[in-house]
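All of the numbers you see were taken from the coordinates with simple rules; none came from a lab. The structure presented is a predicted model; accordingly, all values stated were derived computationally and were not measured. Methodologically, a virtual Cβ is constructed for each residue, glycine included, from the backbone with ideal geometry; neighbour enumeration extends over all protein chains shown.
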Amino acid sequence: MSRTLRFNRREAIALTASGLAATGLGLGPAAAQTAPAEAAVSETIMTSEDTHPLAPGWHRLSLGEARVTVVLDGVRLGEGPHPTFGEDQTAEAVGDLMAANRLPRDRFVNFFNVVIVETGGQTVLVDTGFGEGGRANGMGLLRQRMQAAGYQPEDIDVVALTHLHGDHIGGLSEGGAPAFPNASYVVGRQEMEFWTSDEARNGPRAENAKAVEAKLGPLKDKTRLVEDGGEVVPGMIARAAFGHTPGMLCFEVGSGDKTVVLTADTFSQFVVSFQKPDWQVRFDQDKNAAAETRRRWATQLAQSGTPLIGYHLPFPGIGYVQAEGDAFRFVPETYQTLVSG
């Protein structure tokens, strides 16, 4: 896909000085310091409205013939990670784990990483962030930032949803109309069946079920249901990751001998989810199944060396899993994808 991007010299210089343009291009910090401003932003736009501390809020990498772009829909700062993470542990135990990893004991930042994949001749948006409902709280920045990365809403051919929590489906509509007018939609069969069931509609998760109906109901005729092993588009396969929700999916994206796994909310905190995979997470619907899913995927990723992209991991959420005894560690991507192969 070829696009012509426009930027002014003032924006180019600002981006080059920040070093953020280099991440968009996949260059290293040294290159950012020495490359001319015009070259450094050949695929980067920063709008004057985007004053977020992680602006421009997108990061791109190549994966064989595929192109993967992570777009930061927003960040949320607050107290934690206990009791959201380590719900079955004491605040002191969770605080000790944070301190051992040079993190605040009782403050927490959550990230919301949406992914755009160009593969198999299709442009696929994986999850949609908060949408317009999150903008009052500094979220819902997907539309602004995907345009900065060179994508218009009309460019999206397929919207693939890992699961149907609000922070993943909120951006499906904009101003009462479909936010991605040319897209079809892919959802896990088990996930859709649960959220449209009487159990969901009449139980403690009724509000989320109402949101699913409001967001996906009008898109029913354009929605295709998939199961474990189903193809989203050529080069992109759905994999079961049940537990956080009854039918959550991960997506394997492959091109040639290169693969990355979009792990959705399997790993939602880059310390707890890996170092203490059996600790309970408040938002996991089936806590035992979610813990089993974390261990299964962590083991598989550690053994294969396959990179992952996590929806809630520190932006851009790309990294690797390292086995450590009976647990694991998240290793952020630095330049591995730039020099491998």
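Across the range 164-181, in residue order, what do the Karplus-derived ³J(HN,Hα) couplings come to in whole Hz, using 6.51 cos²θ - 1.76 cosθ + 1.60 with θ = phi - 60° and x for Gly and Pro?
Once rounded to whole Hz, the list reads 10, 6, x, 6, 10, 10, x, x, 5, 10, 8, x, x, 10, x, 6, 10, x.
Listed highest first by mean packing, meaning other Cβ atoms within 10 Å per residue, what order do 121-134, 88-101, 290-303 come in? Provide the component values of the computation, followed by the final result.
Working: 121-134: 22.1, 88-101: 15.2, 290-303: 18.9.
Answer by packing, highest mean first, reads 121-134, 290-303, 88-101.
Taking a cut-off of 20 Å between Cα atoms, list the aspartates and glutamates near Lys258, but don't count ones fewer than 8 places away on the same chain.
Counting by Cα, and skipping residues close in sequence, Lys258 has these aspartates and glutamates nearby: Glu65, Glu118, Glu231, Glu333.
If the convex hull of the alpha-carbon atoms of the range 54-339 is projected onto planes in all directions, what is the mean projected area in square nanometres? Could you put the intermediate results ahead of the total?
Values: hull surface 56.9 nm².
The number I arrive at for the range 54-339 is 14.2 nm².
With the alpha-carbon atoms as the only input, what is the per residue convex hull volume for the range 168-210 in Å³? Please list the in-between numbers first.
Details: hull volume 3.7 nm³, N = 43.
Here the figure is 85 Å³ per residue.
In square nanometres, what is one fourth of the surface area of the convex hull spanned by the alpha carbons of the range 53-208?
Details: hull surface 47.1 nm².
Across all orientations, the range 53-208 yields a mean hull projection of 11.8 nm².
Could you check the simple spin-label distance between Glu199 and Leu338, using points 7 Å along Cα→Cβ, in nm with one decimal?
A separation of 4.8 nm, rounded to one decimal place.
One quarter of the convex hull surface, Cα atoms only: what value does that give for the range 177-278 in nm²? The partial results should precede the final answer.
Details: hull surface 33.9 nm².
Here the figure is 8.5 nm², rounded to one decimal.
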